[in-house]
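Peer 1: My structure is below; once you've seen it, I'll send some questions.
The values are calculated or read from the model by the stated rules, or taken from the named source; none is laboratory data. Everything numeric in this text was worked out from a predicted model, so none of it was measured. Positions of Cβ are generated from backbone atoms using ideal geometry, with glycine treated the same way; all protein chains shown enter the neighbour counts. Just so you know, the surface numbers come from the protein's heavy atoms only, side chains and all, with ligands and any DNA or RNA stripped out. Shrake-Rupley method; radii C 1.70, N 1.55, O 1.52, S 1.80 Å.
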Number of protein chains: 2
Amino acid sequence: MTAWTLAQRTAGMNPSALWEILKLGERPGVISLAGGLPSPHTFPIDAFSEAAEHVLRSEGHLALQYAGTDGHSGLREAVARSLPWKVDPAQVLITTGSQQALDLVAKVFVDPGSRILVEAPTYLGALHAFAPMQPRIDAVASDDDGLVVEDFVHRAGNGAERARFLYVLPNFQNPTGRTLAESRRDALVQAAAAHNIPLIEDNPYGDLWFDQPPPAPLTARNPEGCIYLGTFSKVLAPGLRLGYLVAPKAIYPKLMQAKQAADLHTSSFNQHLVAQVLQGGFLQQHIPTIRALYKRQCHAMLDALQAQMQGLGVTWTRPAGGMFLWLRLPEGMDATALLHDCVQRNVAFTPGSAFYAHDGDPRTLRLSYVTATEAQIRAAIAVIADAVRTQLTARGLQRAVAHTV
Amino acid sequence: MTAWTLAQRTAGMNPSALWEILKLGERPGVISLAGGLPSPHTFPIDAFSEAAEHVLRSEGHLALQYAGTDGHSGLREAVARSLPWKVDPAQVLITTGSQQALDLVAKVFVDPGSRILVEAPTYLGALHAFAPMQPRIDAVASDDDGLVVEDFVHRAGNGAERARFLYVLPNFQNPTGRTLAESRRDALVQAAAAHNIPLIEDNPYGDLWFDQPPPAPLTARNPEGCIYLGTFSKVLAPGLRLGYLVAPKAIYPKLMQAKQAADLHTSSFNQHLVAQVLQGGFLQQHIPTIRALYKRQCHAMLDALQAQMQGLGVTWTRPAGGMFLWLRLPEGMDATALLHDCVQRNVAFTPGSAFYAHDGDPRTLRLSYVTATEAQIRAAIAVIADAVRTQLTARGLQRAVAHTV
């Protein structure tokens, strides 16, 4: 411990499970279904290589220089064009990954003690991003059709207790893989507008659908009521740390000023690089290859679960896209204890309790089907099923022993 | 204005002079001495091009993937080796430019209303980075030898009023170009330790000396009493947004957790790229070329000032390195009014008042000698001198008129 006086917020800033997971996945020999790491086979190395050479040779003096906080104009225009509602490029702020957008949103909306709303469960990194601004986090219930709108209305609050925002991942949600049903989207947008609560719509996975695109974004239904977060991490490469937000013009300057204070601007080299890669409609050819790969790997996981988890009382979601599915263990089991056994056998996943603001369900866990190969997925699911079986058997034996004693 | 409820801190987050300056410098035809933009002639395009190809071909799957928050191990080792005191790579945190390090320091040390200390004047971007955490900023006097240690002691404070940190730029300071004298460095380090106040030592320009290196860093004198900030922006290229901090091990985890919440990690591609460029001692050959260029351009500016400002009552600093010098206009003149006239004639600089936390001296202004060429510097100084002369003459006429009326 340090003898220096630290800010009170640091009491809530502690080692993150996400970090431990990233470290765990790096250990040689481990099959990790834990991280949210896109398959490196999808990284378009050739396209980056050509673009890097082009950018350095033709605009290197600009791409390596300081730049405006709002971002590279060509990239902002490409983002605006790619979205399915009318977006002025002046509403697009390029961010250092969409993680940074969460930090900026927290800075602009959250005073110490402000109420904010998230889904239960939600993206772990969002909980970490919001925490330094010291909100009181309230969790809105969700089911197989996503967030429950009635529960949002119930928790909206009034006056000083009115929630500063609702953070929501409508498509192939992290961690559950669930999608917010079409029937709930208009209802949510209307309810949020009626309560004057901004929707922070995070859509990292929307392009990664298997058979059909998800329903239109919340922001497309009421652009003035939402801040939309997107990223190139899942369709190009996360190592570039390149995301964006789209905000109503009235709030944009505050978000931009928060960004300028945070890192001046996002790497101009990476912005030029991606603007170059995007030329000629690259993503229209590239994204379908990612969809096909992830669909195949998701089906491999679903098939393996079907085959291996027979009769164990385990349930799971069936995602229509994205990167994750969500398991629930039988009553009385604990995913963290299960992880402990699995890691001994070189398989990792993420216990679900980390994804709840409060009262995490200890029986849940998150599996990623995008980083490991199909063969690895089958091997890993067999190990997890065997560990479940072993724990159930041990419990059965304990019960039997307890009965005989 | 938005109808949403914003955090109170947003009241202090307003359009930045720095931003306006960056925009101004982009207007075609303007000779800007305003920004702190390194000369693009110093960007090692060939080295980046070779490194990009190598990184993508040999480690692309790693360089484009998510990575640990602390940073690329090879880069952290290179940073540790480059510093003139014993640094464990585990103390090095790679940041998204050193601007991000300022955001992290503010998050970890500042509660709303906490006192912090800066130099008068100081780096404008630091004032912006600290502002969202709502400190009370107190300014320590400085003179030609840098920060005045007695005034630091005077303002250190006790108990709840004790300053959470002192932010200091000892070498070729932004905006003044001044260097903290050797005789004051040990005194400052001892005084800070005695008052248990961390020194946040920002050293972006230390490598850019003209004739001899500056005295040893504050951190080298008491590593446990300081957090050291460095950057590749001035010795390679700012567009990569690649900086670092070195912190005592007791405080490092809090800074790392703040960083993880802010953007997960700095672009792994850019980290691999720079680690590759650094191999084989590249900077040892490259930095001397930057020093030689900036020394030449600084001397061109000093010669032009000497020639053009004769008899105008203007004074200026004579930097021994770095990127900036600092002018003071004669009594009664205002640098912002002067800028207004100069911009009409396509010359820009930064009024000095922006660099003060309080009570900016309106007579001061900052000139950068690194972005413009020698010929442009001579032309710009002639314009500024002429604008000073015109304003002095107008004032003289006004006085004459006032006398005759």
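Peer 1: Those residues that are facing chain B (nearest Cβ under 7 Å) and either touching a residue at least 40 places away in the same chain (Cβ under 8 Å) or closer than 24 Å to A:Ala258 by Cα (or both), I need them from the range A:58-75; list them, please.
Peer 2: Residues satisfying the conditions are A:Ala63, A:Leu64, A:Gln65, A:Tyr66, A:Ala67, A:Gly68, A:Thr69.
Peer 1: Another one. Among the helices (runs of 4 or more DSSP H) lying completely within the range A:71-131, list those that include at least 1 residues that are β-branched (Val, Ile, Thr), under 26 Å from A:Leu147 (Cα atoms) and open to solvent by less than 10 Å² (accessible area, probe 1.4 Å). It would help to see each step written out before you state the result.
Peer 2: Working: elements: A:73-82, A:97-109, A:124-130.
Qualifying helices (runs of 4 or more DSSP H): A:97-109.
Each row is one residue, and each column tells you yes or no for (1) more than 17 Å from B:Ser142 (Cβ to Cβ); (2) aliphatic (A, V, I, L, M); (3) in contact with a Leu (Cβ under 6 Å, 6 or more places away or on another chain).
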{"position": "B:Ser183", "(1), (2), (3)": "no, no, no"}
{"position": "B:Ala191", "(1), (2), (3)": "no, yes, no"}
{"position": "B:Leu199", "(1), (2), (3)": "no, yes, yes"}
{"position": "B:Asn203", "(1), (2), (3)": "no, no, no"}
{"position": "B:Asp207", "(1), (2), (3)": "yes, no, no"}
{"position": "B:Phe210", "(1), (2), (3)": "yes, no, no"}
{"position": "B:Pro215", "(1), (2), (3)": "no, no, no"}
{"position": "B:Leu218", "(1), (2), (3)": "no, yes, yes"}
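Peer 1: Check whether at least one residue in the range B:262-275 is part of a helix (DSSP H, G or I), within 28 Å of A:Trp4 (Cβ to Cβ), open to solvent by less than 10 Å² (accessible area, probe 1.4 Å) and at pLDDT 95 or above, and report yes or no.
Peer 2: Among the residues of the range B:262-275, at least one is part of a helix (DSSP H, G or I), within 28 Å of A:Trp4 (Cβ to Cβ), open to solvent by less than 10 Å² (accessible area, probe 1.4 Å) and at pLDDT 95 or above, which makes the answer yes.
Peer 1: Considering B:Glu59, B:Glu26, which residue is more than 30 Å from A:Gly225 (Cβ to Cβ) and modelled with pLDDT of 95 or more?
Peer 2: The conditions single out B:Glu59.
Peer 1: Something else now. Those residues that are farther than 30 Å from B:Ala131 by Cβ and away from every other protein chain (no Cβ under 14 Å), I need them from the range B:88-108; list them, please.
Peer 2: Of the residues in the range B:88-108, the ones farther than 30 Å from B:Ala131 by Cβ are B:88-90.
Of everything in the range B:88-108, those that are farther than 30 Å from B:Ala131 by Cβ and away from every other protein chain (no Cβ under 14 Å) turn out to be B:Asp88, B:Pro89.
Peer 1: Any idea which residue in the range B:153-188 is nearest to A:Ala3 (Cα to Cα), counting only those that are open to solvent by less than 10 Å² (accessible area, probe 1.4 Å) and of a type in the set (Val, Ile, Thr)?
Peer 2: That would be B:Val168.
Peer 1: Further question on the same structure: Working only within the range A:92-149, note down all residues that are more than 30 Å from A:Ala78 (Cβ to Cβ), without any contact (Cβ under 8 Å) to a residue 40 or more places away in the chain and touching a strand residue (DSSP E or B) at 6+ places or on another chain (Cβ under 7 Å).
Peer 2: A:Gly113, A:Pro135, A:Arg136, A:Val140, A:Ser142, A:Val148
Peer 1: Which of the numbered conditions does B:Leu327 fail, given that it passes all the others? Conditions: (1) at pLDDT 95 or above; (2) of a type in the set (A, V, I, L, M, F, W, C); (3) assigned to a helix (DSSP H, G or I).
Peer 2: That leaves (3) as the condition not met.
Peer 1: Are any residues in the range B:292-337 surrounded by 15 or more Cβ atoms within 10 Å (Cβ to Cβ), closer than 14 Å to B:Ala380 by Cβ and among the small types (Gly, Ala, Ser), and if so, which ones?
Peer 2: B:Ala300, B:Ala304
Peer 1: Just name the residue that is nearest to the other protein chains (Cβ to nearest Cβ) out of those in the range A:204-237 that are outside any loop (DSSP other than H, G, I, E, B) and open to solvent by 20 Å² or more (accessible area, probe 1.4 Å).
Peer 2: Among them, the one singled out is A:Glu224.
So that you can scan it fast, the table gives a plain yes or no per residue for (1) within 20 Å of A:Ile251 (Cα to Cα); (2) aromatic (Phe, Trp, Tyr); (3) not assigned by TED's automatic domain parsing to the domain that holds A:Gln260:
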residue	(1), (2), (3)
A:Leu104	yes, no, no
A:Phe130	yes, yes, no
A:Met133	yes, no, no
A:Asp145	no, no, no
A:Glu150	no, no, no
A:His154	no, no, no
A:Asn174	no, no, no
A:Trp209	no, yes, no
A:Gln212	no, no, no
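Peer 1: Follow-up question, since we're still on this one. Inside the range B:109-137, can you point out the residues that are under 19 Å from A:Pro112 (Cα atoms), within 12 Å of chain A (Cβ to nearest Cβ) and of a type outside the set (Phe, Trp, Tyr)?
Peer 2: In the first step, residues of the range B:109-137 are kept if they are under 19 Å from A:Pro112 (Cα atoms); the result is B:109-115, B:129-136.
Add one more test, that the residue is within 12 Å of chain A (Cβ to nearest Cβ), and what stays is B:109-115, B:129-135.
Those that are under 19 Å from A:Pro112 (Cα atoms), within 12 Å of chain A (Cβ to nearest Cβ) and of a type outside the set (Phe, Trp, Tyr): B:Val110, B:Asp111, B:Pro112, B:Gly113, B:Ser114, B:Arg115, B:Ala129, B:Ala131, B:Pro132, B:Met133, B:Gln134, B:Pro135.
Peer 1: For the range A:173-188, enumerate the residues that are touching a helix residue (DSSP H, G or I) at 6+ places or on another chain (Cβ under 9 Å) and under 20 Å from A:Gly35 (Cα atoms). Break it down stepwise before answering.
Peer 2: Going through the range A:173-188, the residues touching a helix residue (DSSP H, G or I) at 6+ places or on another chain (Cβ under 9 Å) turn out to be A:174-177, A:180, A:184-188.
Answer for the range A:173-188, where residues must be touching a helix residue (DSSP H, G or I) at 6+ places or on another chain (Cβ under 9 Å) and under 20 Å from A:Gly35 (Cα atoms): A:Asn174, A:Pro175, A:Thr176, A:Gly177.
Peer 1: Can you find a residue that is open to solvent by 20 Å² or more (accessible area, probe 1.4 Å) and either within 8 Å of chain A (Cβ to nearest Cβ) or under 15 Å from the mean Cα position of the chain (by Cα) (or both) anywhere in the range B:138-149?
Peer 2: So far as the range B:138-149 goes, no, none of its residues is open to solvent by 20 Å² or more (accessible area, probe 1.4 Å) and either within 8 Å of chain A (Cβ to nearest Cβ) or under 15 Å from the mean Cα position of the chain (by Cα) (or both).
Peer 1: Here's something else I'd like to know. Could you pull out the residue among B:Ser32, B:Ser39 that is assigned by TED's automatic domain parsing to the domain that holds B:Gly352 and touching a Gly at 6+ places or on another chain (Cβ under 6 Å)?
Peer 2: Only one candidate passes the filter, namely B:Ser32.
Peer 1: Follow-up question, since we're still on this one. Quickly run through the range B:39-57 and pick out the residues that are more than 7 Å from chain A (Cβ to nearest Cβ), open to solvent by less than 20 Å² (accessible area, probe 1.4 Å) and either of a type in the set (D, E, K, R) or not in a loop (DSSP other than H, G, I, E, B) (or both).
Peer 2: If the condition is that a residue be more than 7 Å from chain A (Cβ to nearest Cβ), open to solvent by less than 20 Å² (accessible area, probe 1.4 Å) and either of a type in the set (D, E, K, R) or not in a loop (DSSP other than H, G, I, E, B) (or both), then B:Thr42, B:Ala51, B:Val55 are the ones that fit.
Peer 1: Residue by residue through the range A:267-281, note down the ones that are under 24 Å from the mean Cα position of the chain (by Cα) and within 7 Å of chain B (Cβ to nearest Cβ).
Peer 2: Hits for the range A:267-281 are A:Ser267, A:Asn270.
Peer 1: Is it the case that the range B:392-403 has a residue that's under 30 Å from B:Asp207 (Cβ atoms), in contact (Cβ under 8 Å) with a residue 12 or more places away in the chain, outside the structural domain of B:Phe210 (by TED's automatic domain parsing) and surrounded by 14 or more Cβ atoms within 10 Å (Cβ to Cβ)?
Peer 2: No, every residue in the range B:392-403 fails to be under 30 Å from B:Asp207 (Cβ atoms), in contact (Cβ under 8 Å) with a residue 12 or more places away in the chain, outside the structural domain of B:Phe210 (by TED's automatic domain parsing) and surrounded by 14 or more Cβ atoms within 10 Å (Cβ to Cβ).
Peer 1: Could you go through the range B:238-253 and let me know if any residue there is without any contact (Cβ under 8 Å) to a residue 12 or more places away in the chain, among the aliphatic types (A, V, I, L, M) and crowded, with 24+ Cβ neighbours inside 10 Å.
Peer 2: The answer is no, given that none of the residues of the range B:238-253 is without any contact (Cβ under 8 Å) to a residue 12 or more places away in the chain, among the aliphatic types (A, V, I, L, M) and crowded, with 24+ Cβ neighbours inside 10 Å.
Peer 1: Is one or more of the residues making up the range B:293-310 in contact with a strand residue (DSSP E or B) (Cβ under 7 Å, 6 or more places away or on another chain), in a helix (DSSP H, G or I) and farther than 23 Å from B:Asp211 by Cβ?
Peer 2: Looking for residues that are in contact with a strand residue (DSSP E or B) (Cβ under 7 Å, 6 or more places away or on another chain), in a helix (DSSP H, G or I) and farther than 23 Å from B:Asp211 by Cβ, one finds none in the range B:293-310, hence no.
Peer 1: Can you confirm whether A:Leu302 is modelled with pLDDT of 95 or more and not acidic (Asp, Glu)?
Peer 2: yes
Peer 1: Any residue at all in the range B:347-355 that's over 23 Å from B:Leu208 (Cβ atoms), in a helix (DSSP H, G or I) and not assigned by TED's automatic domain parsing to the domain that holds B:Leu180?
Peer 2: yes
Peer 1: So, in the range B:338-363, how many residues would count as being of a type in the set (Ser, Thr, Tyr) and surrounded by fewer than 23 Cβ atoms within 10 Å (Cβ to Cβ)?
Peer 2: Going through the range B:338-363 one residue at a time, the tally reaches 2.
Peer 1: Only residues in the range B:285-296 that are under 22 Å from B:Ala375 (Cα atoms) count as the first member; pair them with residues that are among the hydroxyl-bearing types (Ser, Thr, Tyr) and outside any helix (DSSP H, G or I), Cβ under 9 angstrom, at least 6 apart or cross-chain, and list the lot.
Peer 2: Within 9 Å, the pairs are B:Ile290/B:Ser39; B:Leu293/B:Ser39; B:Tyr294/B:Ser39; B:Tyr294/B:Tyr369.
Peer 1: Which of the residues spanning the range B:177-192 are assigned to a loop (DSSP other than H, G, I, E, B) and of a type in the set (S, T, N, Q)?
Peer 2: B:Thr179
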